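The values are calculated or read from the model by the stated rules, or taken from the named source; none is laboratory data. Since the model is a prediction, treat every value here as computed from it, not as a measurement. Here the Cβ is made from the backbone with ideal geometry for all residues, glycine too, and neighbour counts use every protein chain on show.
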Amino acid sequence: MRVPWLRSVEALAPPSQEELIRLVASGDEAAFEILYDEVAPRVFGLVRRVVRDPAQSQEVTQEVFLDIWEQASRFDPDKGKAMSWILVIAHRKAVDKVRASQASTDRDLRQGIKEFQESYEDVADTVEGKFEAERVKQALKSLTPAQQEAISLAYYGGYTHQEVAELLKVPVGTIKTRIRDGMIRMRDRLGVA
Amino acid sequence: MDKQLHLNTGSYALDALDNQERIEFEEFAITDEQTSQEARELTETATLLAYGTDEQAPPAQLKADVMAAIRNKRQLSNSSTVLDISSGKRHGSHSSAPNTATRSRWLPALSAAAALAVFAGAAGWVVGQNSTDTDLQKRLVALESNQASAAAQQEAMLGIVSASDAKIATTEMSDGASVTVASSTTANRAAVMVKGMPELPADKTYELWFISAEGAVPAGVMPNPGSPTPGMQVLDGKLDGATHVGITIEPAGGSTAPTTKPLMVQAL
């Protein structure tokens, strides 16, 4: 038997994203709407960065949210944050879209370098004031320029490590190592374990 | 290790592997605790890179579209979280081995891809209808005859395929291997045929599982595939309400509960 006042106290605390996903898993559309409002700008921002084309970015973002709705029961809060789960889905879908349209439009690899230089400027400029963004900025700064470049091209550019190697004219084995060493350094910096 | 797959953890985390590479990596990672752990951590790290982009509100119309679309979109039920059998609670007991907890944390990194793979497989289900029963039966018997093994297996097999509610589905794995699962609720049995599964080191084995919301029940280990010919095997034990059949890689001799992510999970 629940004590009534306890329930009202609980109601005052805004639900965490993890709780929201649990509610979404049970078909709660209101919870889904709250979750959408909370995370859509972050998801759309990421998708726009990778996909670039506005119409395609909207398409991908819609797919991401349909996936969240459909697969909410698969999310397990013991295994990671809700936001990480959502961003993994968003990034993978964005990358899939970029690679699919790449096949039809033959994306110019040279363009990648320019995009990277622009996008890296963005990182430095737009992260002010936000805790996570600040941490990411610091962590990126702790990498060698070569590691930053390889990681940014892969993550923000949506390029495969093979394509990154072609862009930078170095063997793919070198790129793999740059990416892995850089990511390990970021992990240790950011205390992810 | 020719391909140095363990060096791909960073590229994996950044989604910088092509499809073929990703599958190879995932298959390797589930056999290697250290690699899977590193891939999981780097994936978590990679999600932080998303915070290096500008937040941007999508157009209001997008929200309206999404809210309208979910009303027509079926959700996966809780019982379909079968990929998570490595931490599956069995009979309400919470005494799962501590080291399975680490292993199961690997899942969020894989969930998007793994979920897609599983459901692509499930979409391949063909329900055994009268018109296809004969084909099915021929196919199974033909496959089965490749193994001159036990008459009991043959009998169980025929029991499955001759049942009016026999179902068969083939999951094609990306590396060319295929797994066909046949089952019948009436016969209360299931069988698998595998083709082209990679050979495992001597200290590992493929193990079959009956999976339900309760968890995974061992259904026998598979002989290490040494030939490209299909191997047929009736699962040990009864269906008894299982909703899925899965295959994992386990230490030689098999485990009593799965310790790795399934290579394949097929809905029944």
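Cβ-Cβ below 6 Å, separation at least six or inter-chain, first residue in the stretch A:64-75 and among the hydroxyl-bearing types (Ser, Thr, Tyr), second part of a loop (DSSP other than H, G, I, E, B): which pairs?
Hits for this filter: A:Ser73/B:Leu76; A:Ser73/B:Thr81.
When you go through (1) farther than 22 Å from B:His6 by Cβ; (2) without any contact (Cβ under 8 Å) to a residue 60 or more places away in the chain one by one for A:Tyr156, which number turns out not to apply?
Against the list (1) farther than 22 Å from B:His6 by Cβ; (2) without any contact (Cβ under 8 Å) to a residue 60 or more places away in the chain, A:Tyr156 comes up short only on (2).
Out of B:Ala29, B:Ala13, report the one residue that is of a type in the set (A, V, I, L, M), closer than 20 Å to A:Tyr156 by Cβ and surrounded by 22 or more Cβ atoms within 10 Å (Cβ to Cβ).
After ruling out the rest, the residue left standing is B:Ala13.
Kindly list, by first and then second residue, each pair from a residue in the stretch B:40-60 that is more than 7 Å from chain A (Cβ to nearest Cβ) and buried (at least 21 other Cβ atoms within 10 Å of the Cβ) to a residue that is of a type in the set (Lys, Arg) and not in a helix (DSSP H, G or I), limited to pairs with Cβ atoms under 9 Å and residues at least 6 apart or on different chains.
Pairs found: B:Arg40/B:Arg105.
Please specify each residue of the stretch A:149-173 satisfying the condition of being within 11 Å of chain B (Cβ to nearest Cβ) and surrounded by fewer than 22 Cβ atoms within 10 Å (Cβ to Cβ).
Pass one, the stretch A:149-173, residues within 11 Å of chain B (Cβ to nearest Cβ): A:150-165, A:172-173.
Of everything in the stretch A:149-173, those that are within 11 Å of chain B (Cβ to nearest Cβ) and surrounded by fewer than 22 Cβ atoms within 10 Å (Cβ to Cβ) turn out to be A:Gln162, A:Ala165, A:Val172, A:Gly173.
Residue check: is B:Ala109 modelled with pLDDT under 90, part of a helix (DSSP H, G or I), surrounded by 16 or more Cβ atoms within 10 Å (Cβ to Cβ) and in contact with a helix residue (DSSP H, G or I) (Cβ under 9 Å, 6 or more places away or on another chain)?
Answer is yes for this residue.
Sort out which residues of the stretch A:48-63 are more than 9 Å from chain B (Cβ to nearest Cβ) and within 15 Å of the chain's Cα centre (by Cα), and write them in order of number.
Listed by number, the residues that qualify are A:Val51, A:Arg52, A:Val60, A:Glu63.
Taking the stated definitions as given, is A:Lys93 buried (at least 20 other Cβ atoms within 10 Å of the Cβ), more than 7 Å from chain B (Cβ to nearest Cβ), in contact with a helix residue (DSSP H, G or I) (Cβ under 8 Å, 6 or more places away or on another chain) and among the basic types (Lys, Arg)?
Against the criterion (buried (at least 20 other Cβ atoms within 10 Å of the Cβ), more than 7 Å from chain B (Cβ to nearest Cβ), in contact with a helix residue (DSSP H, G or I) (Cβ under 8 Å, 6 or more places away or on another chain) and among the basic types (Lys, Arg)), A:Lys93 qualifies.
Provide a single number: the residues in the stretch A:36-46 that are within 9 Å of another protein chain (Cβ to nearest Cβ) and either touching a residue at least 24 places away in the same chain (Cβ under 8 Å) or of a type in the set (A, V, I, L, M, F, W, C) (or both).
Within the stretch A:36-46, the first condition is being within 9 Å of another protein chain (Cβ to nearest Cβ), and the residues that meet it are A:36-37, A:40-46.
Subsequent filtering for residues that are either touching a residue at least 24 places away in the same chain (Cβ under 8 Å) or of a type in the set (A, V, I, L, M, F, W, C) (or both) retains A:36, A:40, A:42-44, A:46.
Count: 6.
If a residue must be outside any helix (DSSP H, G or I) and facing chain B (nearest Cβ under 7 Å), how many such residues does the stretch A:74-89 contain?
2
Conditions (1) under 13 Å from the mean Cα position of the chain (by Cα); (2) closer than 21 Å to B:Ala156 by Cα; (3) among the polar types (S, T, N, Q), marked per residue:
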site: B:Ser178; (1), (2), (3): yes, no, yes
site: B:Val181; (1), (2), (3): yes, yes, no
site: B:Ser184; (1), (2), (3): no, yes, yes
site: B:Ala187; (1), (2), (3): no, yes, no
site: B:Pro198; (1), (2), (3): no, no, no
site: B:Pro201; (1), (2), (3): no, no, no
site: B:Lys204; (1), (2), (3): no, no, no
site: B:Phe210; (1), (2), (3): yes, yes, no
site: B:Ala213; (1), (2), (3): no, no, no
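When you go through B:Leu239, B:Leu200 one by one, which is the residue that is of a type outside the set (Ser, Thr, Tyr) and crowded, with 17+ Cβ neighbours inside 10 Å?
Matching residue, one of B:Leu239, B:Leu200: B:Leu239.
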